[in-house]
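Please treat every number below as a calculation from the coordinates, not as lab data. Values in this document were obtained by computation on a predicted structure and should not be read as measured data. Every residue, glycine as well, gets a Cβ built from its backbone with ideal geometry; the counts of neighbours run over all protein chains shown.
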Amino acid sequence: MLENISFANPDFFWLFLLLPLAVLWYFFKQKEETASLRISSIKGFTYSNFLPRLKPLLFILRLLALAGIIVAMARPQTEDISTRTKTTKGIDIVMAIDVSSSMLARDLKPNRLSALKKVAADFINKRPNDRIGLVAYAGEGYTKTPITTDKSIVLGSLQEITYGQLEDGTAIGMGLATSVNRLKESKAKSKIIILLTDGVNNSGFIEPQTAADLAIEFGIKTYTIGLGTNGNALSPIAYNADGSFRYGMRQVEIDEDLLKNIAEVTGGKYFRATNNETLEEIYDEINKLEKTEIEEFKYYRYEEKFRPWVLLAGVFLVLEWILRNTIFRSFV
């Protein structure tokens, strides 16, 4: 296609300025070579021939041949660019998600857990070159998905995370320790955990500080997120007769001191998300803080396209020579 054509030697196009000069030279020369004869009447001359009028066609063919040669000298070519990317510094990420009953609170829309899953899915899609795993925890913790580069598996597992799969409670230490266990064998140059909770550690047999010490030992940075609005939130407080939750206003309790300490000692950062917008901003900031180093290699392949122009110029010259030595032979 024409938009893919480039020229290796575009300076040769300046030669096109010679074409108007050649046209002027041709007309001045023709005027000088044309003889004139004055007679009283041309009534006796009945012979007419249109060929002399076509004589400039020979000059036009030469101009077209010259134009073709100029284009060929400019070396038209097509350029095919292919790229290959190589991750030079990959990051292994485990997202530890609190799935306790309080994650069904409706201070985020439609509730905390659904809002988190939407934002987490966007974050996963923005990390195409990293390995990502999922850990869910409530009264205990378990690995939902080991770290993998297959984002379709991670996204599918994320959507499957719901309340009720684990005994209720908030075992922050279990969630963090399970995440560390998923990353301790990783060979990645950078290993991080994103731990989210909306409560206070109240269950599990591993203390959060012990889990944080494990993260330090294995060089794992931990970002912590406290989820929940300030004050009270519409939260599950009891069960109805049909098994559904009864909602009421409850005080939001988040052990921010604990989350700040875990983030600080592991080299991470603590965030507080009080609504859907700040939750999105937090994941965007983590995405910017943890950059994956990628090398991009570009390969260029050029295909020369000057040959058709040389052939076209040759055709014009041959045609001009044939016409000059046959049809127009008597007039040149």
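Restricting to region 185-218, count the residues that are within 25 Å of Leu116 (Cβ to Cβ), in a loop (DSSP other than H, G, I, E, B) and either of a type in the set (Lys, Arg) or in contact with an Asp or Glu (Cβ under 7 Å, 6 or more places away or on another chain) (or both).
7
Could you list, in sequence order, the residues of region 194-215 that are aliphatic (A, V, I, L, M), farther than 13 Å from Asp98 by Cβ and either touching a residue at least 40 places away in the same chain (Cβ under 8 Å) or buried (at least 23 other Cβ atoms within 10 Å of the Cβ) (or both)? Write out each step before concluding.
Initial filter on region 194-215 (aliphatic (A, V, I, L, M)): 194-196, 200, 206, 211-212, 214-215.
If we keep only those that are farther than 13 Å from Asp98 by Cβ too, we end up with 206, 211-212, 214-215.
If the condition is that a residue be aliphatic (A, V, I, L, M), farther than 13 Å from Asp98 by Cβ and either touching a residue at least 40 places away in the same chain (Cβ under 8 Å) or buried (at least 23 other Cβ atoms within 10 Å of the Cβ) (or both), then Ala211, Ala212, Ala215 are the ones that fit.
Would you kindly identify the strands (runs of 3 or more DSSP E) lying entirely within region 233-332 that contain at least 1 residues that are within 30 Å of Met103 (Cα to Cα) and not aliphatic (A, V, I, L, M)? Before the answer, list the steps.
Numbers: elements: 245-251, 270-273, 293-304.
Here the list reads 245-251, 270-273.
Taking region 219-231, which residues are touching an Asp or Glu at 6+ places or on another chain (Cβ under 9 Å), within 18 Å of Ser190 (Cβ to Cβ) and surrounded by fewer than 24 Cβ atoms within 10 Å (Cβ to Cβ)?
Lys221
Scanning region 219-232 for residues that are of a type in the set (Ser, Thr, Tyr) and either within 20 Å of Ala115 (Cβ to Cβ) or in a loop (DSSP other than H, G, I, E, B) (or both), which turns out farthest from the chain's Cα centre (by Cα)?
Applying the first criterion (of a type in the set (Ser, Thr, Tyr)) to region 219-232 yields 222-224, 229.
If we keep only those that are either within 20 Å of Ala115 (Cβ to Cβ) or in a loop (DSSP other than H, G, I, E, B) (or both) as well, we get 223-224, 229.
Working: Tyr223: 26, Thr224: 28, Thr229: 35 Å.
Among them, the one singled out is Thr229.
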